[in-house]
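Every number here is computed from the coordinates shown, using simple stated rules; none is lab data. This is a predicted model, so every value here is computed, not measured. Please note: Cβ atoms are built from the backbone with ideal geometry, for glycine as well, and neighbour counts cover all protein chains shown.
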Amino acid sequence: MNDVLKKIYDVGIVPVVKLDSPDQAVPLGKALIAGDIPVAEVTFRTDAAEESIKKLSAELPGLLVGAGTVTTIDQVKSAAGAGAKFIVSPGFNPSVVKYCVDNGIPVTPGVNSPSQIEQGIELGLSVLKFFPAEQSGGIEMLKAFAGPYGNVKYIPTGGVSAKNMADYLSFGKVWAVGGSWMVKPELIAAGKHDEVTRLCREAVMTSLGFELRHLGVNEPDESAALEDAQKMEALFGFALKRGNSSHFAGTGFEFMKTRYLGQNGHIAIGTINVDRAVAYFARKGIPSLPETEKRDSAGALTAAYLHLEIGGFALHLAKK
């Protein structure tokens, strides 16, 4: 998988940015980084696009900068020359796509029909922009595409918002989502970068969907684990479920038969996408423990522990 597309997957959100002046670029880019979304798709809807991409690429090396609304080969050349690392087009223009493919430039053209998807497959693409997403049938349309085109992933854009982004990202064929609700032109024009940062952080938390799954308690032996699980059942009615390595009381409490990670045990946190959550924490300097990783048949992470304890409890990420 291309490194640029992998970075987009790890973040999961692509802000679609319209800039009226290159002077707006760097402050906006800093706001995105502060909001934990180090990606920007600068659209070629204004004359400021090329110079804005140049400024962002030169001054903010930690920001992955691409060009959007690209409809001609000349625009591809201008964007790539300015430092754009990926190209996004609203539709499927074969000449634009082929130029990008031939020159090793990651491109995600817009599609919303089987014929366009097949054009992308023929040119060797496996990640496509689904546009306009909501107007083209939304998540149900993507599920319909998944049958005949099981190896294709999508970046839905158009009508995606804070309200429906989690629905899209919960579907395994969605690579990331694109949108502008966190980078509205009026916020950029007014210099409200703190608000941009707040909306970005909010979007990141929504995309990850963190929630408490259960508390795991380290017990000295199997008899202690069973005894405490039975107490929880007797006191609170949390049904006992016996397991090979632990016993559960309801779904909220796990009693380990032998000591595992964490001084006292572990806190299991559910998330929409464990791979993306691991990448999110890695950007914050908190690595996962590779030896604890579990994957499904497709290779996606279903569980992983972080190299971190809170209150004597290890942190365990699990797929919701």
Give, as ranges by residue number, the residues of segment 236-257 whose backbone N falls under 13 Å from the point 7 Å along Cα→Cβ of Ala224.
255-257
In nm, spacing of pseudo-spin labels at Asn103 and Ala234 (7 Å Cα→C-beta vector)
7.5 nm
Charge context of Phe210, other residues only, Cβ under 15 angstrom, K/R +1, D/E -1:
+2
A correct Kirkwood calculation over the Cα atoms of the chain returns a hydrodynamic radius in Å of 21.3 Å
List Phe131, Phe145 from most exposed to least, where exposure is judged by having the fewest other Cβ atoms within 10 Å.
Phe145, Phe131
With point charges of +1 on the Cβ of Lys and Arg and -1 on the Cβ of Asp and Glu, referenced to the Cα centre of the chain, which listed residue (Thr251, Ala58, Pro148) lies farthest in the positive direction of the dipole?
Pro148
Which value, in debye to the nearest 20, describes the size of the charge dipole of the chain about its Cα centre when Lys and Arg Cβ atoms bear +1, Asp and Glu Cβ atoms bear -1, and nothing else is charged?
160 debye
Once every DSSP H run of n ≥ 4 in the chain is given -39500 (n - 2.57) and the sum is divided by its residues, what mean residue ellipticity at 222 nm do you get, rounded to the nearest 500 deg cm²/dmol?
-11000 deg cm²/dmol
Candidate aspartates and glutamates - alpha carbon under 19 Å from Lys184, same-chain residues fewer than 8 apart omitted
Asp20, Asp23, Asp36, Glu41, Asp47, Glu134, Asp194, Glu195, Glu202
Potential lengthening between Glu51 and Leu215 on full extension [0.36 nm per residue; Cα-Cα distance subtracted]:
53.9 nm
Summed side-chain charge close to Val88 - residues other than Val88 whose Cβ falls under 14 Å, Lys, Arg +1, Asp, Glu -1
+3
May I ask you to compute the full-extension gain from Ser126 to Ser161, defined as 0.36 nm times their residue separation minus their alpha-carbon distance, rounded to one decimal in nm?
10.2 nm
For the residues Ser78, Ser21, what sequence is obtained by ranking on other C-beta atoms within 10 Å, fewest first?
Ser21, Ser78
Sort Val65, Val183 by Cβ crowding within 10 Å, fewest neighbours at the top.
Val183, Val65
Quote the FRET efficiency, to the nearest 0.05, computed for Asp74 versus Ala190 with a Förster distance R0 of 35 Å and r equal to the Cβ-Cβ distance.
0.60
Please give me the summed charge of the neighbours of Pro38: other residues whose Cβ is under 11 Å from its Cβ, Lys and Arg +1, Asp and Glu -1.
+1
Treating the beta-carbon of each Lys and Arg as +1 and of each Asp and Glu as -1, no other charges, what is the dipole magnitude of segment 159-280 about its Cα centre, to the nearest 20 debye?
360 debye
